[in-house]
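Peer 1: The structure follows.
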Amino acid sequence: MSGIVNAVQDAAKKLLTENKVDVVIGFAEGSQPLRSTPAFIRKPEEAEKLTWNCTCENNLANYLRKKEQKIGVVVKGCDSRSIVALMKENQINRDNLYIIGVPCSGMIDRKQVADLFEGKEIIAAECKEDSLVLKGHDFEKTVNIADVLHRSCAACTHKNPVIYDEMVTEAVTEQKEDFADIEAFEAKPIAERRAYLAQELSKCIRCYACRNACPMCYCEQCFVDCSTPEWVGKSASDIQDNMLFQAVRVFHGAGRCTDCGACERACPMGIDLRILTRKLVKDAKELFDAEAGVNMEDKPALSTFESDDPQPFLVKE
Ligand code: SF4
Ligand code: SF4
Ligand code: SF4
């Protein structure tokens, strides 16, 4: 792990010293155990603040849209896919970007870690290669990172950045796509699926953290914020409105979602958002043979049209 940290710091220092970028965006240690925070490094001597570990969960593509300055950015596989998807949507200018790629072994899910300690406070944590050392007032425990990976990371099929200017270390092994979780959900009766979603979304407090964390959610005005007309009620007490909000959010991401998990990680209520986002990822693959952000060549699934698309009603002679 320290090898990657050093390599990230060296890359940032070099870019800033040679004036190739105005800022490097990466991660710094957070103020709480198991937390890191996005860091904006503008001077070579500040590069030593940069870190890399199993808590560097934010999708840094969120900070790159419509920027004029030259930016160096530290990216994992999912961040890189969001960057590619955003470049295709003309939101990011590749000429202004220097991509420091980090092959990623996955980020931990803090809720799973907390569950292991049944509410006891964790006062210190150290991420090692494959394990986490956690300390409390009266305990010390080592946990395998593989046992507490976030669901998106456990299923991730693009851990290595798909685009980069330099990679700081060797690529990690990729795994095969597996949609067994979504297939199991699809196999349930409609009423059961609907009841499950209603029960999950009854927990929603409409904080919009899921929307704000998503690099693909960038409309200047979101439909949920409109008051004239008011497309959706503002109160979180109406489950129908919560369901409508998520349905529209998720459909806006159809064929664009990279399954990065940022929305689900941001949700303070622990709502199973991925059952929706990942269903759309699966559908985009099956219906359009499309996977968001994996290369610059593929056309975006839902914003292109071919005359031989299998919907005859779209073609007018
Ligand atoms: S989704 Fe993949 S690339 Fe992104 S943090 Fe998880 S393992 Fe890393
Ligand atoms: S919808 Fe969620 S999983 Fe999909 S790209 Fe946005 S933040 Fe990532
Ligand atoms: S982050 Fe969670 S609680 Fe907040 S709006 Fe999204 S689903 Fe609702």
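The values are calculated or read from the model by the stated rules, or taken from the named source; none is laboratory data. Just so we're clear, the structure is a prediction, and the values are computed from it rather than from any experiment. Neighbour counts run over all protein chains shown; Cβ positions are idealised from the backbone, glycine included. SASA here: full protein model, heavy atoms, side chains in, ligands and nucleic acids out. Shrake-Rupley method; radii C 1.70, N 1.55, O 1.52, S 1.80 Å.
Peer 1: Please find, in a Gaussian network model of the chain (springs between Cα atoms separated by less than 10 Å), the residue of K66, K299, K14 whose mean-square fluctuation is greatest.
Peer 2: K66
Peer 1: Pick from G261, G119, G270: which residue has the top mean-square fluctuation in a GNM of the chain where Cα pairs under 10 Å get a spring?
Peer 2: It is G119.
Peer 1: Follow-up question, since we're still on this one. Would you look at the GNM of the chain, springs on alpha carbons closer than 10 Å, and say which of S303, S237, S36 moves the most?
Peer 2: Per the Cα network of the chain with a 10 Å cutoff, S303 tops the list.
Peer 1: Hey, another quick one. Hey, what did segment 126-252 get for relative contact order, percent, Cα under 8 Å, at least 6 apart? Please report the intermediate quantities before stating the final value.
Peer 2: Numbers: 78 pairs, mean separation 17.6, N = 127.
Relative CO of segment 126-252 lands at 14 percent.
Peer 1: Show log10 I(q)/I(0) for the chain at q = 0.09, 0.12 Å⁻¹, two decimals, from a solvent-free Debye sum over equal Cα scatterers.
Peer 2: So the normalised log intensities are -0.51, -0.90.
Peer 1: Let me ask another. Based on Cβ point charges of +1 for Lys and Arg and -1 for Asp and Glu, what charge dipole magnitude is obtained for the chain about its Cα centre, in debye rounded to the nearest 20? Present the calculation step by step, with values, prior to reporting the outcome.
Peer 2: Numbers: 41 positive and 51 negative charges, 150 e Å.
Dipole about the Cα centre, nearest 20: 720 debye.
Peer 1: I've got another one for you. On the accessible surface of segment 191-317, probed at 1.4 Å, how many percent belong to carbon and sulfur atoms? All intermediate terms of the calculation are to be shown ahead of the outcome.
Peer 2: On the way: 4070 of 7200 Å².
Accessible surface attributable to carbon and sulfur in segment 191-317 totals 57 percent.
Peer 1: Using Cα-Cα distances under 8 Å and only pairs 6 or more residues apart, what relative contact order does the chain have, in percent? Numbers along the way, then the final one.
Peer 2: On the way: 514 pairs, mean separation 50.1, N = 317.
Contact order relative to length: 16 percent.
Peer 1: Of the options I108, I83, T169, report the single residue whose Cα projects farthest towards the positive end of the charge dipole of segment 48-189 (beta-carbon charges: Lys, Arg +1; Asp, Glu -1).
Peer 2: The residue sitting most towards the positive pole is I83.
Peer 1: Filter the trypsin sites (Lys or Arg not before Pro) in segment 194-252 down to the DSSP loop ones having no more than 12 other Cβ atoms within 10 Å, then list what survives. Mind dumping the intermediate values first?
Peer 2: Details: sites: R194, K203, R206, R211, K234, R249; in loops: K203, R206, K234.
Filter output for segment 194-252: K234.
Peer 1: What full-extension length gain, to one decimal in nm, is calculated for D95 and D238 as 0.36 nm per residue of separation minus the Cα-Cα distance?
Peer 2: Values: separation 143, 0.36 × 143 = 51.48 nm, distance 4.57 nm.
In short, 46.9 nm is gained.
Peer 1: Tell me, which longest segment in the chain has none of the chymotrypsin sites (Phe, Trp or Tyr not before Pro) that fall in DSSP loops with at most 12 further Cβ atoms within 10 Å?
Peer 2: Details: sites that count: F139, F305.
Between the exposed loop sites, the longest stretch runs 140-304.
Peer 1: Looking only at the chain, where both bridge partners belong to it, what percent of the DSSP beta bridges are antiparallel (to the nearest 5)?
Peer 2: On the way: 18 of 28 bridges.
Antiparallel bridges: around 65 percent, rounded to the nearest 5.
Peer 1: I would also like to ask the following. For R94, R151, write out the residues from largest to smallest accessible area, computed with a 1.4 angstrom probe and no ligands counted.
Peer 2: Details: R94 70, R151 95 Å².
Accessible-area ranking of R94, R151, largest first: R151, R94.
Peer 1: How far, in nm, would the chain grow between M269 and A184 when pulled straight, counting 0.36 nm per residue and subtracting the alpha carbon separation? Before the final figure, lay out the partial values.
Peer 2: On the way: separation 85, 0.36 × 85 = 30.60 nm, distance 2.35 nm.
Additional length available on full extension: 28.2 nm.
Peer 1: Sticking with this one: If you put +1 on each Lys and Arg Cβ and -1 on each Asp and Glu Cβ, how big is the dipole of segment 4-71 around its Cα centre, in Debye rounded to 20?
Peer 2: Values: 11 positive and 9 negative charges, 57 e Å.
Dipole about the Cα centre, nearest 20: 280 debye.
Peer 1: Magnitude of the Cβ-charge dipole of segment 140-199, K/R +1 and D/E -1, about the Cα centre, nearest 20 debye? The partial results should precede the final answer.
Peer 2: On the way: 7 positive and 12 negative charges, 83 e Å.
So the magnitude is around 400 debye.
Peer 1: Name the lysines eligible as straight-distance cross-link partners of K135: C-alpha to C-alpha under 24 Å, and not fewer than 8 places from it in the same chain.
Peer 2: Here the lysines satisfying the reach criterion relative to K135 are K49, K111, K120.
Peer 1: With a probe of 1.4 Å, find how much accessible area the chain has per residue, and write the answer as a whole number in Å².
Peer 2: On the way: 16650 Å² over 317 residues.
Heavy-atom accessible area per residue stands at 53 Å².
Peer 1: Where a Cα-Cα gap under 25 Å defines reach, which lysines qualify for K234, not counting those fewer than 8 residues away within the same chain?
Peer 2: Within reach: K203.
Peer 1: With n ≥ 4 as the cut-off for DSSP H runs, can you work out [θ] at 222 nm for the chain, using -39500 (n - 2.57) per run divided by the number of residues, rounded to the nearest 500? Before the final figure, lay out the partial values.
Peer 2: Details: 10 runs with 97 residues, N = 317.
Helix contribution divided over all residues of the chain: -9000 deg cm²/dmol.
Peer 1: Using alpha-carbon positions, what is the distance between the centroids of segment 160-226 and segment 74-151, in Å?
Peer 2: So the separation of the two Cα centres works out to 16 Å.
Peer 1: Here is a further query. Among L15, T51, L97, flag the residue with its Cα farthest along the positive direction of the charge dipole of segment 1-110, charges on Cβ as +1 for Lys/Arg and -1 for Asp/Glu.
Peer 2: L97
Peer 1: Which value in Å is the Kirkwood Rh of segment 9-154 over different Cα pairs? Spell out each step's value before the answer.
Peer 2: Values: mean 1/r = 0.0611 Å⁻¹.
So the Kirkwood estimate lands at 16.4 Å.
Peer 1: Once label points are set 7 Å from the Cα along Cα→Cβ at both D22 and E121, what is their separation, rounded to one decimal in nm?
Peer 2: With each label point 7 Å from Cα toward Cβ, the separation is 4.2 nm.
Peer 1: Just the Cα atoms of segment 89-136: what Rg and Dmax do they give in Å?
Peer 2: 17.4, 49
Peer 1: Leaving ligands, DNA and RNA out of it, rank E46, E170, E57 by accessible area with a 1.4 Å probe, largest first.
Peer 2: Numbers: E46 50, E170 150, E57 25 Å².
Ranked from most to least accessible, the order is E170, E46, E57.
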